[in-house]
Amino acid sequence: MTSHAALIVDDEPDIRELLELTLGRMDIDTRSAADLGEAHALLNEGKYDLCLTDMRLPDGNGIELVKHIQKNHPELPVAVITAFGSVESAVDALKAGAFDFVTKPVDLQVLRNLVTSVLRLSDHYGQQDRRSRDTLLGDSPLMQTIRATIAKLARSQAPVYISGDSGTGKELVARLIHDKGPRSERPFVPVNCGAIPTDLMESEFFGHRKGSFTGADHDKNGLFQAAEGGTLFLDEVAELPLHMQVKLLRAIQEKAIRPVGAQHEITIDVRILSATHKDLAHLVDGGEFRQDLYYRLNVIELRVPPLRERSADIPVLARHFLRKLSQQAGEDHELSAEAVRVLQGYSFPGNVRELENILERAMTLCEGNTIDAPDLHLPAGEEPDLEVPREEPAPMGENVPLETYLDRVEKDALLKALKHTRYNKTAAARLLGITFRALRYRMKKLGLE
């Protein structure tokens, strides 16, 4: 008795037989249909863990079946079989909701990898905790939509392009897509494409064989092999040079790589997620990024909004970061209501990453355990003004000793800085460009304590 069942839809008897034999050896029971009509009938009769369908059918196409299953059997993953080199139809199928695709002639190892991923998904469906509120914080409508989208994308193998400004949390989103999908127990490998030297890129991505170049004294696996069975996250993908874009495109389309110096390609089973803070479409228009790779990576785009578009989430995020920082420091800190108000009025060009940095700085420099608005150094709704208001010093006068005059000027500067920062000594020292200890010394010397 088998534990899994699959529906195969293809009008070519030879292909159906090949698929039936391959899945049968994986202990999967199969039912077959030659067209859409038969497929609809079989879907109504039984329950399946996987559907494999050809793109070209006598009474329609595979995308129609994908859409039908998405609407009527949303828990059923569908993979499509496309003609070799038919990238457009594969992308269209993924956009329609297909789990993945294989190309003709069918590579049996690629097919087995795909089926294994699908069965992991079926086994975890309904059992895995798909909530992400405790990881991707915020209850604004934007964040609720993103969390729902992540849960849906996790049930697919489609490449996802994550766009958004620097500091918005694109890697966190990618990791969640991985963690909530069938590849969660396999590696998640993030790579910053802009941090790899150009002459080492091919070796870093695909690995190399011993003796393939000077210094290659042993075989080395690349990032694709490191992510085998899991997810490869290409951060700052816009930084890839054109020659690597060509090689990456081939690896994605063929699901195979060739290590530097190797004679044969190696089949890979890796899901690709990518991100950049740059406008990738604009780079395509300017000839800096290949259009074919762009379409292959950007099957589904998920935009992560900047913090200024979801200011309602700032109090939750701020208190979360403050709890984390307080635990690390071994002392509790809290935000005043005025500090929260000031944070919500700030534009955060550095987004969530900047918010955490601001709180870490404020916690370190504030006096006491309550962070107030002046401790943030952020006038409400504006960039912080780090210049002390300048005024011309009063004339020295004929009978005033130089030391007395300089003390008066220094005292005046200190008072202006203190007033400008609402008497926050740490902020005043920063404005004056001196240390906190130096400020305390000068205040005591001038009788300002």
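The values are calculated or read from the model by the stated rules, or taken from the named source; none is laboratory data. A quick note: this is a predicted structure, and the numbers were derived from the prediction, not measured. Neighbour counts are summed over all protein chains in view; Cβ atoms, including those assigned to glycine, are modelled from backbone coordinates with ideal geometry. Each accessible area value is taken on the protein alone, full model and side chains, heavy atoms only, with ligands, DNA and RNA left out. Shrake-Rupley method; radii C 1.70, N 1.55, O 1.52, S 1.80 Å.
Quick check on my filter: what residues within region 247-276 are surrounded by 17 or more Cβ atoms within 10 Å (Cβ to Cβ) and assigned to a loop (DSSP other than H, G, I, E, B)?
K255, R258, P259, I268, D269, V270
If I filter region 50-70 for residues that are under 30 Å from the mean Cα position of the chain (by Cα), closer than 17 Å to R31 by Cα and open to solvent by 20 Å² or more (accessible area, probe 1.4 Å), do I get at least one hit?
For region 50-70, residues under 30 Å from the mean Cα position of the chain (by Cα), closer than 17 Å to R31 by Cα and open to solvent by 20 Å² or more (accessible area, probe 1.4 Å): absent.
Condition (residue is among the β-branched types (V, I, T) and either open to solvent by less than 30 Å² (accessible area, probe 1.4 Å) or modelled with pLDDT of 85 or more (or both)) applied to region 134-145: is it met by at least one residue?
Yes; the residues of region 134-145 include at least one that is among the β-branched types (V, I, T) and either open to solvent by less than 30 Å² (accessible area, probe 1.4 Å) or modelled with pLDDT of 85 or more (or both).
Would you mind telling me which numbered condition in (1) modelled with pLDDT under 90; (2) touching a strand residue (DSSP E or B) at 6+ places or on another chain (Cβ under 6 Å); (3) of a type outside the set (S, T, N, Q) Y161 fails?
(1)
Return the residues of region 167-186 that are of a type outside the set (D, E), assigned to a loop (DSSP other than H, G, I, E, B) and open to solvent by 50 Å² or more (accessible area, probe 1.4 Å); say none if nothing qualifies.
Result: R186, single match.
Determine whether E403 is loosely packed, with under 13 Cβ neighbours inside 10 Å, of a type in the set (D, E, K, R) and modelled with pLDDT of 60 or more.
Working: loosely packed, with under 13 Cβ neighbours inside 10 Å: yes; of a type in the set (D, E, K, R): yes; modelled with pLDDT of 60 or more: yes.
Judged against the criteria, E403 is a match.
So the check is Cβ under 7 Å with 6+ separation or different chains; which pairs have a first residue in region 273-298 that's without any contact (Cβ under 8 Å) to a residue 12 or more places away in the chain and a second one that's open to solvent by 60 Å² or more (accessible area, probe 1.4 Å) and not in a loop (DSSP other than H, G, I, E, B)?
These pairs meet every condition: V284/Q291.
Which of the residues belonging to region 227-246 are of a type outside the set (D, E), assigned to a strand (DSSP E or B) and open to solvent by 30 Å² or more (accessible area, probe 1.4 Å)?
none
Of all residues in region 1-56, count the ones that are assigned to a helix (DSSP H, G or I) and small (G, A, S).
So the count comes out to 4.
Rundown of residues vs (1) within 21 Å of P105 (Cα to Cα); (2) in contact with a helix residue (DSSP H, G or I) (Cβ under 6 Å, 6 or more places away or on another chain), yes/no style:
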| residue | (1), (2) |
| --- | --- |
| I15 | yes, no |
| S32 | yes, yes |
| T53 | yes, yes |
| N72 | no, no |
| T82 | yes, yes |
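Of the numbered conditions (1) exposed (fewer than 14 other Cβ atoms within 10 Å of the Cβ); (2) touching a helix residue (DSSP H, G or I) at 6+ places or on another chain (Cβ under 9 Å); (3) touching a residue at least 24 places away in the same chain (Cβ under 8 Å), P197 fails exactly one; give the number of that condition.
Unmet for P197, out of (1) exposed (fewer than 14 other Cβ atoms within 10 Å of the Cβ); (2) touching a helix residue (DSSP H, G or I) at 6+ places or on another chain (Cβ under 9 Å); (3) touching a residue at least 24 places away in the same chain (Cβ under 8 Å): (3).
Step by step: first the residues of region 78-92, then only those that are within 20 Å of R16 (Cα to Cα) and open to solvent by 10 Å² or more (accessible area, probe 1.4 Å), then the one that is modelled with the lowest pLDDT. Which residue is that?
F84
Does D279 satisfy being among the acidic types (D, E) and either open to solvent by 40 Å² or more (accessible area, probe 1.4 Å) or within 18 Å of the chain's Cα centre (by Cα) (or both)? Spell out how you get there, then give the answer.
On the way: among the acidic types (D, E): yes; either open to solvent by 40 Å² or more (accessible area, probe 1.4 Å) or within 18 Å of the chain's Cα centre (by Cα) (or both): yes.
It is true that D279 is among the acidic types (D, E) and either open to solvent by 40 Å² or more (accessible area, probe 1.4 Å) or within 18 Å of the chain's Cα centre (by Cα) (or both).
Looking at (1) surrounded by fewer than 21 Cβ atoms within 10 Å (Cβ to Cβ); (2) modelled with pLDDT of 80 or more; (3) within 30 Å of P306 (Cα to Cα), which is the only condition Q128 fails?
(2)
Residue check: is P349 out of contact with any strand residue (DSSP E or B) (no Cβ under 9 Å at 6 or more places or on another chain), closer than 24 Å to D139 by Cα and loosely packed, with under 14 Cβ neighbours inside 10 Å?
Judged against the criteria, P349 is a match.
Mind checking which pairs have a first residue in region 348-373 that is more than 17 Å from K425 (Cα to Cα) and in contact (Cβ under 8 Å) with a residue 60 or more places away in the chain and a second that is of a type in the set (D, E) and assigned to a loop (DSSP other than H, G, I, E, B), Cβ under 7 Å, 6 or more apart or different chains?
N351/D165
Given the structure, is T145 touching a Leu at 6+ places or on another chain (Cβ under 7 Å) and β-branched (V, I, T)? Reasoning before the result, please.
Working: touching a Leu at 6+ places or on another chain (Cβ under 7 Å): no; β-branched (V, I, T): yes.
No: the conditions fail for T145.
What residue, of S326, S336, is of a type in the set (S, T, Y), on the phi < 0 side of the Ramachandran plot, without any contact (Cβ under 8 Å) to a residue 40 or more places away in the chain and in contact with a Ser or Thr (Cβ under 9 Å, 6 or more places away or on another chain)? Step through it out loud before you land on a result.
Numbers: S326 fails: in contact with a Ser or Thr (Cβ under 9 Å, 6 or more places away or on another chain).
That would be S336, the only listed residue that is of a type in the set (S, T, Y), on the phi < 0 side of the Ramachandran plot, without any contact (Cβ under 8 Å) to a residue 40 or more places away in the chain and in contact with a Ser or Thr (Cβ under 9 Å, 6 or more places away or on another chain).
Could you tell me which numbered condition E288 fails, if it satisfies all but one of (1) under 30 Å from R112 (Cβ atoms); (2) open to solvent by 20 Å² or more (accessible area, probe 1.4 Å)?
All conditions are met except number (1).
Identify, please: which residue in region 33-44 is touching a residue at least 12 places away in the same chain (Cβ under 8 Å) and surrounded by fewer than 19 Cβ atoms within 10 Å (Cβ to Cβ) and is, among those, nearest to T116 (Cα to Cα)?
The selected residue is L42.
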